[in-house]
Amino acid sequence: MPRIGFLHTAQVHVATFEALLRDADASSSCVHRVEPDLLDQVRRDGPTLDVEDATLAALRRLADDDVDIVVCTCSTLGSVAEALGGRLPVPVVRVDRPMARAAVRAGARIGVIVALESTLEPTRALLAAEARREGASPTIIDVEVPDAWAAFEAGDHEDYLRQVAHAARSIADRVDVVVLAQASMMGATTTLSDLQTPVLASPVLAVQHALSPSSR
């Protein structure tokens with residue numbers, strides 16, 4: 001009966017991950033920390049020492065809440081959080097690592113959909129790392145959807161997901177798998193089920209990973 005700590009940078013993720021965890025294992029429990037200022041800071045300044053210190057403080061608060069594992073649900077901040085895991089008594093996993101591993105195993109051509117420019121480089125680096133682990137050399141084709149993030153920040157999630165889905169469709173016939181780089185994009189998968197190309201979203205895979213005994 002694991003207890004999972006979630007570090008978010010948007011309040012909207014709380015309900016999403018609560019529901020996913022309840023569906024996956026009703027006997028498990030979780031705790032959330034929402035730190036929107038961390039995303040603002042890393043977007044503005046990059047992964048500075050101040051960002052690391054603030055992220056470490058948030059992670060420690062979660063670890064102190066008797067969790068078995070921490071999941072950072074922000075793709076932009078994920079590499080920072082994961083790198084700090086060695087300084088905590090519990091493992092820390094970035095939300096998109098299980099997805100990246102699945103994408104590398106799915107084929108040699110990976111399409112990546114991003115709404116935040118700051119997410120692109122961490123996602124590409126993660127895919128490259130997982131490719132090295134698998135002994136693969138995939139081609140990564142990325143599509144940025146900058147107007148989508150403006151819709152997300154305005155609270156227009158329907159338009160946000162519509163733009164994400166449109167971007168995924170635009171690239172699906174050129175790749176073996178489509179990666180939705182940000183956890184907030186998961187809802188777009190419901191309108192993409194007709195595609196022959198698999199579309200991966202990180203939240204479900206991350207929850208499955210966190211519940212696995214091998215992750216802790």
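The values are calculated or read from the model by the stated rules, or taken from the named source; none is laboratory data. Note that the structure is a prediction, hence the values are computed from the model and not measured. For neighbour counting, all protein chains shown are included, and Cβ atoms are generated from backbone atoms with ideal geometry for every residue, glycine included.
Please find, among Gly155, Gly135, the residue that is more than 26 Å from Phe6 (Cα to Cα), among the small types (Gly, Ala, Ser) and either exposed (fewer than 14 other Cβ atoms within 10 Å of the Cβ) or assigned by TED's automatic domain parsing to the domain that holds Thr73 (or both).
Gly135
Contact list please: Cβ distance under 9 Å, first residue in the range 143-164 and touching a residue at least 12 places away in the same chain (Cβ under 8 Å), second residue in a loop (DSSP other than H, G, I, E, B) and surrounded by fewer than 17 Cβ atoms within 10 Å (Cβ to Cβ), pairs at least six apart or on different chains.
Between residues of the range 143-164 that are touching a residue at least 12 places away in the same chain (Cβ under 8 Å) and residues that are in a loop (DSSP other than H, G, I, E, B) and surrounded by fewer than 17 Cβ atoms within 10 Å (Cβ to Cβ), the close pairs are Tyr160/Ala154.
Which residues, taken from the range 175-216, are assigned to a helix (DSSP H, G or I) and either on the phi > 0 side of the Ramachandran plot or among the small types (Gly, Ala, Ser) (or both)?
The answer is Ala183, Ser184, Gly187, Ala188, Ser202, Ala206, Ala210, Ser214, Ser215.
For the range 33-50, which residues satisfy the criterion of being out of contact with any His (no Cβ under 6 Å at 6 or more places or on another chain) and either surrounded by 13 or more Cβ atoms within 10 Å (Cβ to Cβ) or among the β-branched types (Val, Ile, Thr) (or both)?
Once the filter is applied, which keeps residues that are out of contact with any His (no Cβ under 6 Å at 6 or more places or on another chain) and either surrounded by 13 or more Cβ atoms within 10 Å (Cβ to Cβ) or among the β-branched types (Val, Ile, Thr) (or both), the range 33-50 yields Arg33, Glu35, Leu38, Leu39, Gln41, Val42, Arg43, Pro47, Thr48.
Does at least one position in the range 109-123 carry a residue that is surrounded by fewer than 23 Cβ atoms within 10 Å (Cβ to Cβ), without any contact (Cβ under 8 Å) to a residue 60 or more places away in the chain and of a type in the set (Gly, Ala, Ser)?
no
Looking at Ile110 and the list (1) under 26 Å from Pro213 (Cα atoms); (2) touching a Pro at 6+ places or on another chain (Cβ under 7 Å); (3) of a type in the set (Val, Ile, Thr); (4) in a strand (DSSP E or B), which single condition is not satisfied?
In the conditions (1) under 26 Å from Pro213 (Cα atoms); (2) touching a Pro at 6+ places or on another chain (Cβ under 7 Å); (3) of a type in the set (Val, Ile, Thr); (4) in a strand (DSSP E or B), Ile110 misses (1) alone.
Pull up the range 65-81, narrow it to residues that are within 10 Å of the chain's Cα centre (by Cα) and of a type in the set (A, V, I, L, M, F, W, C), then point me to the one that is surrounded by the most Cβ atoms within 10 Å (Cβ to Cβ).
Among those residues, the one meeting the criterion is Cys72.
Of all residues being more than 15 Å from Gln182 (Cβ to Cβ) and among the charged types (D, E, K, R) in the range 36-51, which is farthest from the chain's Cα centre (by Cα)? Just the residue, please.
Going through the qualifying residues, I end up with Asp50.
Hey, can you tell me all the residues within the range 1-35 that are in a helix (DSSP H, G or I) and either under 15 Å from the mean Cα position of the chain (by Cα) or without any contact (Cβ under 8 Å) to a residue 12 or more places away in the chain (or both)?
Scanning the range 1-35 gives Val12, His13, Val14, Ala15, Thr16, Phe17, Ala19, Leu20, Arg22, Asp23.
Can you pull out the residues in the range 134-174 that are outside any helix (DSSP H, G or I) and under 18 Å from Gln11 (Cβ atoms)?
Listed by number, the residues that qualify are Ala154, Gly155, Asp156.
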